[in-house]
């Protein structure tokens, strides 16, 4: 009595999940994240002006860096900031820093100087006392005030 017999024409029900559609969806999501992640991580894109005979000194962990891309959008430490709220955010940052009132600028080399001048004025009104420009070090020859000496 403990045996069951399948009748002709009926099939046994499979209880295994079909994972092929799930694998397809996971691969598509993986590809999307692989493409989007570098774009999010980069923050903003700016081609830095070249400097000669500079001493390399990277910015520290707690430094405030104001970035301005070629379109004139502002970024504080890589995070986008609306143009209208830049001054308020800088005021709140420097209100908590009684001694350290240094701001580093990282601006695109093709940006109009009037936009940089506007950012400097906003920073001054916000309580910034020292401003420093961040540039890329030019790797060509160098040495001396007038560039590399040519030997003949």
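Computed quantities for the displayed model
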{"item": "Unique residue being more than 30 Å from residue 81 (Cβ to Cβ), at pLDDT below 65 and loosely packed, with under 10 Cβ neighbours inside 10 Å when the list is 8, 41, 12", "result": "8"}
{"item": "Residue 142 vs. criteria surrounded by 10 or more Cβ atoms within 10 Å (Cβ to Cβ), more than 17 Å from the chain's Cα centre (by Cα), assigned to a loop (DSSP other than H, G, I, E, B) and at pLDDT below 75", "result": "yes"}
{"item": "One residue from 130, 81 being in contact with a helix residue (DSSP H, G or I) (Cβ under 9 Å, 6 or more places away or on another chain) and either at pLDDT 85 or above or more than 10 Å from residue 66 (Cβ to Cβ) (or both)", "result": "81"}
{"item": "Residues satisfying the stated conditions in the range 73-114, i.e. over 15 Å from residue 132 (Cα atoms), crowded, with 16+ Cβ neighbours inside 10 Å, under 20 Å from the mean Cα position of the chain (by Cα) and in contact (Cβ under 8 Å) with a residue 24 or more places away in the chain", "result": "74, 75, 86, 90, 93, 111"}
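The values are calculated or read from the model by the stated rules, or taken from the named source; none is laboratory data. Predicted model, so just to flag it, every value in this text is computed and none were measured. Every residue, glycine as well, gets a Cβ built from its backbone with ideal geometry; the counts of neighbours run over all protein chains shown.
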